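Structure first, commentary second.
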Amino acid sequence: MTEILLIRHGETDWNVEKRLQGHHDIDLNREGVRQVAALGRALLNEPLDAIFSSDLKRAWATAQGIAIPRGMDVQLNKGLRERCFGAFEGMLHPEIHARYPEGYAAWKRRDIDARYPPGEFHAETLREFSARAIAAITSLAETSGHKKIAIVTHGGVLDSVYRHAKNMGYEHPRDFDVLNASINRVSWDGTHFQILKWADVAHLAHAALDESDNAA
């Protein structure tokens with residue numbers, strides 16, 4: 001049995017604006033830095049065998065806030081990145097709707113095989129992204145000798161793990177929170193994920209929803 005502390009990165013300016021980030025490498029904002037400090041304090045005495053992170057700066061900086069006070073290293077894993085949204089990235093919801101109405105409609109109805117127009121990065125379908133995210137989390141959970149690990153990642157990855165654990169299809173609207181700097185406890189028994197505690201932000205004064213606004 002492996003316990004996973006699945007943690008979403010701290011807040012960025014694009015989170016506040018609800019501008020889609022995807023693979024764009026955005027720094028934490030001032031509030032995000034504050035959240036990370038609170039997260040590091042909250043987890044200081046938590047026994048951890050390893051700390052893993054997406055290689056994007058907003059996740060890495062969050063993971064460093066946990067690792068540095070403990071004298072631990074952060075192991076980067078590209079498989080933990082957010083979904084790539086192609087040309088949608090860097091845009092606000094109304095901008096996506098105006099420029100790519102068909103793609104926007106597919107996104108809003110959670111079409112699992114829709115591929116959005118390419119931008120700076122080649123877009124992933126939701127099916128591709130979910131498979132990649134679950135495979136990355138599973139691989140880390142199965143690392144020999146690890147009883148409890150922290151994984152710092154992104155909102156879409158948390159969404160995928162929750163749905164996978166609950167056997168919830170993407171056609172269902174999100175009815176659970178995905179919060180910046182939240183601690184989400186999940187167990188892996190070698191076959192299944194189980195949600196132990198979700199969206200814990202007791203260490204924060206307040207929390208923000210992700211840029212998909214409960215829709216992705």
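The values are calculated or read from the model by the stated rules, or taken from the named source; none is laboratory data. All values derive from a computational prediction rather than experimental measurement. Positions of Cβ are generated from backbone atoms using ideal geometry, with glycine treated the same way; all protein chains shown enter the neighbour counts. Protein only, heavy atoms only, side chains kept; ligands, DNA and RNA dropped before computing areas. Shrake-Rupley method; radii C 1.70, N 1.55, O 1.52, S 1.80 Å.
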In whole Hz, what ³J(HN,Hα) sequence does the range 18-23 give by Karplus (6.51, -1.76, 1.60; θ = phi - 60°), x for Gly and Pro?
6, 9, 5, 9, x, 8
Give me the log10 of I(q) over I(0) for the range 103-196 at q = 0.22 Å⁻¹, as the Debye formula computes it from C-alpha points; what are the numbers?
-1.24
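Normalized C-alpha radius of gyration of the range 24-126, against 2.2 N^0.38 Å? Walk me through the intermediate numbers first.
Numbers: Rg = 17.2 Å, N = 103, 2.2 N^0.38 = 12.8 Å.
Working it through for the range 24-126, the quotient is 1.34.
What translational diffusion coefficient, in µm²/s and rounded to a whole number, does the Stokes-Einstein relation yield for the range 151-196 at 37 °C and a viscosity of 0.692 mPa s, taking the hydrodynamic radius as the Kirkwood radius over Cα pairs? Spell out each step's value before the answer.
Values: Rh = 11.3 Å.
Taking Rh from Cα pairs, D becomes 291 µm²/s.
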So, with a 1.4 angstrom probe, what is the percent of accessible area on the chain that is carbon and sulfur?
50 percent
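Using only alpha carbon pairs under 8 Å that are at least six residues apart, calculate the relative contact order of the chain and give it in whole percent. Let's see the in-between values first.
Details: 452 pairs, mean separation 69.9, N = 216.
This gives 32 percent for the chain.
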Principal-axis tilt of helix 30-42 within the chain, Cα atoms, nearest 10 degrees:
30 degrees
5 Å-binned pair-distance histogram of the chain (Cα, whole percent)
1, 8, 16, 21, 21, 16, 10, 5, 2, 0, 0
Could you give me the ³J(HN,Hα) list for the range 186-196, computed from phi with Karplus coefficients 6.51, -1.76, 1.60 and θ = phi - 60°, whole Hz, x at Gly and Pro?
9, 10, 10, 9, x, 9, 10, 8, 10, 7, 9
Starting from the amide H of Asn77, placed 1.01 Å from N in the peptide plane, find each other amide H under 5 Å away whose residue is 5 or more places distant or on another chain.
Ser53, Ser54, Asp55
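Quickly rank 124-135, 168-179 as a protection proxy: mean count of other C-beta atoms within 10 Å, highest first.
Numbers: 124-135: 18.4, 168-179: 14.3.
Going from most to least packed, we get 124-135, 168-179.
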Highest average packing first - 6-12, 112-118, 61-67, 25-31, Cβ atoms within 10 Å
6-12, 61-67, 25-31, 112-118
With x for Gly and Pro, the residue-by-residue ³J(HN,Hα) of the range 58-74, computed from phi through the Karplus equation 6.51 cos²θ - 1.76 cosθ + 1.60 at θ = phi - 60° and given in whole Hz, is 5, 7, 4, 4, 5, 5, 4, x, 7, 6, 4, x, 9, x, 10, 9, 9
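Quick check: with the 1.4 Å probe, what order do Lys78, Lys108, Lys148, Lys166 take by accessible area, largest first? Mind showing how you got there, number by number?
Numbers: Lys78 130, Lys108 65, Lys148 35, Lys166 105 Å².
Result, largest first: Lys78, Lys166, Lys108, Lys148.
Out of the DSSP beta bridges found with both residues in the chain, what percent are antiparallel (nearest 5)? Mind dumping the intermediate values first?
Values: 13 of 26 bridges.
Counting DSSP beta bridges with both partners in the chain, the antiparallel share is about 50 percent.
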Counting only pairs 8 or more places apart or on different chains, how many lysine pairs in the range 57-216 have C-alpha atoms closer than 27 Å?
15
